[in-house]
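Asks: Take a look at this one; I'll ask things after.
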Amino acid sequence: MTNRNIKNLPLLEAFDAIMTRGSVVDAAEAMNVTQSAVSKQLSQLREWFADELFVRTREGMQPTPHAWSLRERIQLILAEANALTAGNVPPPKDFSGKFVLSGTDEILARLAPKLVDRLAHEAPKLRLVTLPLVRDYLVRQLEAGQVNLVVAVNWNAPELLKQMRLGSDPFVCVMHRDHPLAETNLTLKRYADATHVLVAPLGNERGVIDIELERKGLQRHVCASVSAFHMVDEDLLGKSRIATLPSKVAEEVLRNGPFVVKKIPMTLPTTDYYALWHSRFSAEPRLRWMLTAISDMFDPGPPSGDALPRREFPR
């Protein structure tokens, strides 16, 4: 390594921050420096590598092909530098910047208020940002740090991602108290023959319930699919439709309408909640703290199938 490269090593932190955040402004916030300082460092990086490195688009600062080719080597250099003082973990009160959490509306509604309160007491400089979960939550976004953590249900982490089981929740059946089945024994045949409303945050047309019914030679009629659990209300279900929901969601529904809850007349896997993150951030103090905070908010429950056991910290 030439003396010039050694002299320029401090610029690599700015490179990684822009790559991770996709913005000079956000990079400056993460580094706790001014925007002009990061802009100056970006100019020096461009001169050093004889490349634009990051180009401004409507989606933020996008890396050039050369920047992508440098990314892994720079991350390794920074990781090795951080490892020299790995024991110097900052306390939560010194955390800064923003932490981006992605999940479905039901998950975020459950977590966000408690997390904001916990941040206020333990990590007041850290800002929580929530984003809706999409079908392709993008490994690249997690890898780049544009999303720090995903909380999802019944997901197995693809390659490069780590996961931790947070808890589980059994399914129950919800209907209006004046529904014809409200005062009767809910048999499997009656359940299958009922008119169902499906809640599918990611747009799936079939779920575990349909699979289990088909194994028993039955099929249900789904009259409507909605994208969010909060849409299940008295107007949607009326007195003739039913919905199958995780029990924690059903508790919220019951508070807002004249509903009853019934046990589903067949054995179903539970809804298992997982946290997912990119492996390169496993040692990041903010992530580890957030995993512990979120884990504390879930009842572990028994895992279904071959679900991963709950762990207090990422491995």
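The values are calculated or read from the model by the stated rules, or taken from the named source; none is laboratory data. What you see is a predicted model; the values in this text were computed from it and never measured. In this analysis, Cβ positions are derived from the backbone assuming ideal geometry, glycine residues included, and neighbour counts consider all displayed protein chains.
Asks: Tell me which residues, restricted to segment 161-189, are among the acidic types (Asp, Glu) and either over 26 Å from Met297 (Cβ atoms) or free of Cβ contacts under 8 Å to residues at least 24 places away in the same chain (or both).
Replies: Passing the criteria: Asp178, Glu183.
Asks: For segment 126-152, which residues satisfy the criterion of being modelled with pLDDT of 85 or more and either more than 19 Å from Ile107 (Cα to Cα) or not assigned by TED's automatic domain parsing to the domain that holds Leu111 (or both)?
Replies: Of everything in segment 126-152, just one residue is modelled with pLDDT of 85 or more and either more than 19 Å from Ile107 (Cα to Cα) or not assigned by TED's automatic domain parsing to the domain that holds Leu111 (or both), namely Leu126.
Asks: While we're looking at this one, here's another question. Please count how many residues of segment 117-130 are more than 18 Å from Pro285 (Cα to Cα) and out of contact with any helix residue (DSSP H, G or I) (no Cβ under 6 Å at 6 or more places or on another chain).
Replies: 1
Asks: Do any residues in segment 213-225 that are farther than 12 Å from Met266 by Cα and free of Cβ contacts under 8 Å to residues at least 60 places away in the same chain have Cβ atoms under 6 Å from those of residues that are surrounded by 13 or more Cβ atoms within 10 Å (Cβ to Cβ) and among the β-branched types (Val, Ile, Thr), where the two are at least six apart or on different chains, and which pairs are they?
Replies: His221/Thr195; Cys223/Thr195; Ala224/Val197
Asks: Look through segment 220-267, keep the residues that are part of a loop (DSSP other than H, G, I, E, B) and in contact with a helix residue (DSSP H, G or I) (Cβ under 6 Å, 6 or more places away or on another chain), and return whichever of them is modelled with the lowest pLDDT.
Replies: Filtering segment 220-267 for residues that are part of a loop (DSSP other than H, G, I, E, B) and in contact with a helix residue (DSSP H, G or I) (Cβ under 6 Å, 6 or more places away or on another chain), the one modelled with the lowest pLDDT comes out as Ala228.
Asks: Given the condition of a type in the set (Lys, Arg) and surrounded by fewer than 17 Cβ atoms within 10 Å (Cβ to Cβ), answer yes or no: does some residue in segment 174-182 qualify?
Replies: There is at least one residue in segment 174-182 that is of a type in the set (Lys, Arg) and surrounded by fewer than 17 Cβ atoms within 10 Å (Cβ to Cβ).
Asks: Which of the residues spanning segment 91-116 are over 18 Å from Ala228 (Cα atoms), out of contact with any helix residue (DSSP H, G or I) (no Cβ under 8 Å at 6 or more places or on another chain) and among the hydrophobic types (A, V, I, L, M, F, W, C)?
Replies: Once the filter is applied, which keeps residues that are over 18 Å from Ala228 (Cα atoms), out of contact with any helix residue (DSSP H, G or I) (no Cβ under 8 Å at 6 or more places or on another chain) and among the hydrophobic types (A, V, I, L, M, F, W, C), segment 91-116 yields Val100, Val116.
Asks: Quick one: in segment 203-218, which of the residues that are of a type outside the set (Val, Ile, Thr) and exposed (fewer than 14 other Cβ atoms within 10 Å of the Cβ) is farthest from Ala250 (Cα to Cα)?
Replies: Gly217
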